[in-house]
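Asker: I'd like to ask some things about the structure below.
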Amino acid sequence: MPTNSGNLIWKTRTFAAIVVVTNVTGNFALSWGIKHGAAMDGSAWSFVRVVFDPFVFCGILLLAGWVLSRMALLGWADLTYVVPVTSVGFVLNAVMGAVFLNEIITPLRWLGTLCIVGGTVLVGRTAPNTETP
Amino acid sequence: MPWIYVAVIVVSTVASDLLQSWEMKRHGEVTGIGRLLKLLLTKAPLIGSIVFLAISFYAFLALLAVADLSFAVPATALSLVAETVLARLLLKEQVTPARWAGTGLVTLGVALLAL
């Protein structure tokens, strides 16, 4: 498999985008469902109730899409490429938490978020697959 | 208590990702959701990765009940460092200086988020 072809880069970025979007929307739906729906007290029964909350259930479906798209991506891309590149989702999670869940994000947390973006960009500029044929 | 959940999430996430990457790299590229699902249900390392993912998921739900989403998600990024080191050692991936630098930046970001 060529490691630097335009096709490979396009395919990798498309799948990375799907991984990020399904992860961010899935996490958001989970968080919304837990904070606004059924309460979780640590018991197995409360876990079952939480799972069938509409938002939590929707979050689980989105995260199932995340697992499959990530699995497909790992079929050709390195783990050390996939994990940092898709960590840009942390930034989107923070933004969604601040905008929709009224979570407070301190300047230090924003600085941390920026570092994560910087790390993502650095790794994203490397070849997805470093294996030698 | 939140950090105990974070520890469980990190350990199980690392185990899940290593198993998944190892098997997918061995198998090669897969096209189609049906083939992906079939692979997921028939290959032991992938089944193991889903078990670890389920543990991670349960701990993540518990963490969300006691912590903000803007703390919970970034804190679990600690798994990135462990995964990079173990991918180098176990999966024999070539970790270039740019990848190490990127990993370092993300780790710094996580540390800042935890302050």
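Quick note: the coordinates plus some simple rules give every number you see, no bench work behind them. None of the values given here were measured: they were computed from a predicted structure. Cβ atoms come from the backbone with ideal geometry, glycine included; neighbour counts cover every protein chain shown.
Asker: Quick one: if you take sqrt(5λ) for each eigenvalue of the C-alpha gyration tensor of the protein assembly as shown, what semi-axes come out, biggest first, whole angstrom?
Answerer: On the way: eigenvalues 155, 94, 49 Å².
Values for the protein assembly as shown, descending: 28, 22, 16 Å.
Asker: Which value, in debye to the nearest 20, describes the size of the charge dipole of the stretch A:10-78 about its Cα centre when Lys and Arg Cβ atoms bear +1, Asp and Glu Cβ atoms bear -1, and nothing else is charged?
Answerer: Working: 5 positive and 3 negative charges, 41 e Å.
For the stretch A:10-78, the charge dipole is close to 200 debye.
Asker: Under the rule a/c < 1.5 gives rounded, and otherwise a/b versus b/c splits prolate from oblate, where does the stretch B:45-100 land using the Cα gyration tensor?
Answerer: Verdict is oblate for the stretch B:45-100.
Asker: Moving on to the next point. If you count, for each residue, the other Cβ atoms within 10 Å and average over each peptide, how do A:108-119, B:12-23, A:75-86 line up from highest to lowest?
Answerer: A:75-86, B:12-23, A:108-119
Asker: Here's a follow-up. I'd like the Karplus ³J(HN,Hα) series for the stretch A:66-80: coefficients 6.51, -1.76, 1.60, θ = phi - 60°, whole numbers in Hz, and an x wherever there's a Gly or Pro.
Answerer: 5, 4, 5, 5, 5, 4, 4, 4, 5, x, 10, 9, 5, 4, 6
Asker: Another one. Cα-Cα over 29 Å: which of B:Lys43/B:Lys92; A:Lys35/B:Lys38; A:Lys11/B:Lys38?
Answerer: A:Lys35/B:Lys38
Asker: Now for a separate question. State to the nearest 20 debye the size of the charge dipole of the protein assembly as shown about its Cα centre, where the only charges are +1 on K and R beta carbons and -1 on D and E beta carbons.
Answerer: Details: 15 positive and 11 negative charges, 96 e Å.
Charge dipole of the protein assembly as shown: 460 debye, to the nearest 20.
Asker: Go through A:Phe57, A:Phe28, B:Val30 and say which Cα lies farthest out towards the positive end of the charge dipole of the protein assembly as shown; charges sit on Cβ, +1 for Lys and Arg, -1 for Asp and Glu.
Answerer: B:Val30
Asker: For chain B, build the charge dipole from Cβ charges (+1 Lys, Arg; -1 Asp, Glu) around the Cα centre, then report which of B:Ser16, B:Ala72, B:Thr107 sits farthest towards its positive end.
Answerer: Of B:Ser16, B:Ala72, B:Thr107, it is B:Ser16.
Asker: Another question, then. Short version: ³J(HN,Hα) in whole Hz for each residue of the stretch B:79-95, in order, from phi by Karplus 6.51 cos²θ - 1.76 cosθ + 1.60 (θ = phi - 60°), x for Gly and Pro, what are they?
Answerer: Going residue by residue, I get 5, 4, 5, 4, 5, 5, 5, 6, 5, 5, 7, 9, 8, 6, 6, 8, 9 Hz, with x marking Gly and Pro.
Asker: For peptide B:94-101, what's the mean number of Cβ atoms from other chains within 10 Å of each residue's Cβ?
Answerer: Rounded to a whole number, the mean comes out at 6.
Asker: Which shape class, rounded, prolate or oblate, goes with chain A when its Cα gyration tensor gives a ≥ b ≥ c as root eigenvalues, a/c under 1.5 marks rounded, and past that a/b bigger than b/c marks prolate?
Answerer: Working: a/c = 2.98, a/b = 1.64, b/c = 1.82.
Judged from the Cα gyration tensor, chain A comes out oblate (a/c at least 1.5, b/c at or above a/b).
Asker: Could you give me D for the stretch B:2-114, from Stokes-Einstein at 25 °C and 0.890 mPa s, where the hydrodynamic radius is the Kirkwood radius over C-alpha pairs? Units µm² s⁻¹, please. Spell out each step's value before the answer.
Answerer: On the way: Rh = 15.2 Å.
It comes out at roughly 161 µm²/s.
Asker: Which of these, B:Ile47, B:Ile55, B:Ile33, has the largest mean-square fluctuation under a Gaussian network model of chain B (Cα springs below 10 Å)?
Answerer: Fluctuation is largest for B:Ile33.
Asker: Of A:Asn23, A:Asn102, A:Asn93, which has the largest mean-square fluctuation in a 10 Å C-alpha GNM of chain A?
Answerer: Between A:Asn23, A:Asn102, A:Asn93, it is A:Asn102 that shows the largest mean-square fluctuation.
Asker: Per residue of B:34-41, what is the mean number of Cβ atoms on other protein chains within 10 angstrom of that residue's Cβ? Each step should come with its number before you reach the end.
Answerer: Working: counts 0, 1, 6, 3, 0, 4, 3, 0.
Taking the mean over all residues of the peptide, I get 2.
Asker: Related question: Work from the charge dipole of the stretch A:6-124 (Cβ charges, +1 for Lys and Arg, -1 for Asp and Glu, about the Cα centre) and give the residue of A:Val88, A:Ser46, A:Gly75 farthest towards its positive end.
Answerer: Highest projection toward the positive end goes to A:Gly75.
Asker: If you place +1 on the Cβ of every Lys and Arg and -1 on the Cβ of every Asp and Glu, how big does the dipole about the Cα centre of chain A come out, in debye to the nearest 20? Don't skip to the end; give the middle numbers.
Answerer: On the way: 7 positive and 5 negative charges, 40 e Å.
Using only the charged Cβ atoms, the result is roughly 200 debye.
Asker: Determine ³J(HN,Hα), in whole Hz, for all residues of the stretch A:109-122 in sequence, where each value follows from phi through the Karplus function 6.51 cos²θ - 1.76 cosθ + 1.60 and θ = phi - 60°; x replaces Gly and Pro.
Answerer: For the stretch A:109-122, the Karplus-derived couplings read 5, 5, 5, x, 4, 4, 4, 5, 5, x, x, 4, 5, 4 Hz, x marking Gly and Pro.
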